[in-house]
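Some notes on the structure that comes next.
The values are calculated or read from the model by the stated rules, or taken from the named source; none is laboratory data. In this text, all values refer to a predicted model and were calculated from it rather than measured experimentally. Every residue, glycine among them, receives a Cβ derived from its backbone with ideal geometry; neighbour counts consider all protein chains shown.
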Amino acid sequence: MESGSGPLKKTKGISYAKWGYFFIAPFFIAYTLFTLVPQLMTFYNSLFMNYRDGLTQVGPTFIGFKNYVTLFSPDSGGQIGMLKYFGNTLALWIMGAVPQILIALLLAVFFTSYRLNIKGQPFFKAVIYMPNLIMASAFSMLFFTLFSNVGPVNQLLVSSGLSDHVIDFFSMKITVRSLIAVMNFLMWFGNTTILLMAGIQGIDQSMFEAASLDGASSLQTFFKVTLPLLMPILIYTVITAMIGGLQMFDVPQVLTNGKGMPDRTSMTMVMYLNNFLTTSKNYGMAGAISVVLFIVSAGLSLFVYNTLSKQYK
């Protein structure tokens, strides 16, 4: 079609879709360089025999999946080290994470209750988050000093007559595991509480008001309104806490001087991995442990996600 001034020109539309790819590209580039490539290299290195024997470097020699077979082979005592240390890690995580999540959930509901209308929430948030700012190594050294044979706890027990002899807390499995669990609880329950508080505050307030008008009790409101709507944040919290628990290292490492005492009952999977890196420089075995740890973490994460979310889908 033509006009008096000549043919009409077709205006080209402007597409902004490409800018979305531009802005998300840095994440994928960083993920590929610093996460995906190292993961693939870890799996690749796990297929080689590569360690130091004194000053002699042995390997790298391709051996396939022999490192994985060695991991799950019984030692001279008939124990499979990988399973033992996985059991230790799981027990330590459950002892610390279950109370952490339950108490954090209780505190989050308490502080965000519109019925109680607690004042000074920023102050309480700061107080409960403060233990999270303390380095795990400093926390471990503090507890080691408190509960050592010459520490103030033993002195208090003996001087008060509660015990007629010094208690070696680090020679008993239950006390060492309990101390590790308490430290992990104290360091992380504040962070979990704040996450859950944010999740509850993101729920539409009219839902609680409607439940109140319908005559729902506090427990009914929690189980019928708060918990279902909080479930995505709760699932995220549980999964991240579980992944952090499976990677537990600093607290038991410092508290037991890397020995996992008594009798390696507090040695975690990452402590076991670290021994191969610091003693024999056995990068093949360390890589195999890392791959197994990744598979276990992924499997448990899927299990937890499906278990917690299926009734709310």
Handout entry: Selection within the range 90-118 - buried (at least 16 other Cβ atoms within 10 Å of the Cβ) and outside any helix (DSSP H, G or I)
Key = 113
Fill in the blank from the handout: Scanning the range 125-140 residue by residue, the ones that are buried (at least 18 other Cβ atoms within 10 Å of the Cβ) and either closer than 30 Å to residue 225 by Cβ or touching a His at 6+ places or on another chain (Cβ under 9 Å) (or both) total 1
Practice task
Pick out the one residue from 85, 114 that is out of contact with any Ser or Thr (no Cβ under 7 Å at 6 or more places or on another chain) and in contact (Cβ under 8 Å) with a residue 40 or more places away in the chain.
Solution key: 114
Fill in the blank from the handout: If you go through 198, 181, the only one that is assigned to a helix (DSSP H, G or I), touching a residue at least 60 places away in the same chain (Cβ under 8 Å), within 30 Å of residue 113 (Cα to Cα) and of a type in the set (A, V, I, L, M) is 181
Handout entry: Single match in 257, 184 (criterion: modelled with pLDDT of 90 or more and either under 20 Å from the mean Cα position of the chain (by Cα) or polar (S, T, N, Q) (or both))
Key = 184
Practice task
Select, from 284, 299, the only residue that is under 30 Å from residue 65 (Cα atoms) and either polar (S, T, N, Q) or touching a Pro at 6+ places or on another chain (Cβ under 8 Å) (or both).
Solution key: 284
Exercise for the section: For the range 131-139, state whether one or more residues are small (Gly, Ala, Ser), more than 15 Å from residue 190 (Cβ to Cβ), in a helix (DSSP H, G or I) and free of Cβ contacts under 8 Å to residues at least 60 places away in the same chain. Expected result: yes
Handout entry: Long-range neighbours under 6 Å by Cβ, at least six apart or interchain, first residue among the polar types (S, T, N, Q) within the range 218-245, second part of a helix (DSSP H, G or I)
Key = 221/211; 237/192; 237/195
Handout entry: Selection count, the range 276-296, where residues are crowded, with 18+ Cβ neighbours inside 10 Å and not in a loop (DSSP other than H, G, I, E, B)
Key = 12
Handout entry: Selected residue (only one of 32, 56, 70, 42 is at pLDDT below 90 and of a type outside the set (D, E, K, R))
Key = 56
Handout entry: Residue count, the range 67-89 (criterion: farther than 22 Å from residue 299 by Cα and surrounded by 18 or more Cβ atoms within 10 Å (Cβ to Cβ))
Key = 0
Handout entry: Filter result for residue 143 (buried (at least 18 other Cβ atoms within 10 Å of the Cβ) and within 25 Å of the chain's Cα centre (by Cα))
Key = yes
Exercise for the section: Return the only residue of 272, 236 being surrounded by fewer than 19 Cβ atoms within 10 Å (Cβ to Cβ) and either modelled with pLDDT of 90 or more or farther than 29 Å from residue 104 by Cβ (or both). Expected result: 236
Completion exercise
All conditions in (1) buried (at least 16 other Cβ atoms within 10 Å of the Cβ); (2) at pLDDT below 90; (3) not in a helix (DSSP H, G or I) are true of residue 164 except (1)
Exercise for the section: Go through 291, 270 for me and flag whichever is under 18 Å from residue 93 (Cα atoms), under 19 Å from the mean Cα position of the chain (by Cα) and of a type outside the set (Gly, Ala, Ser). Expected result: 270
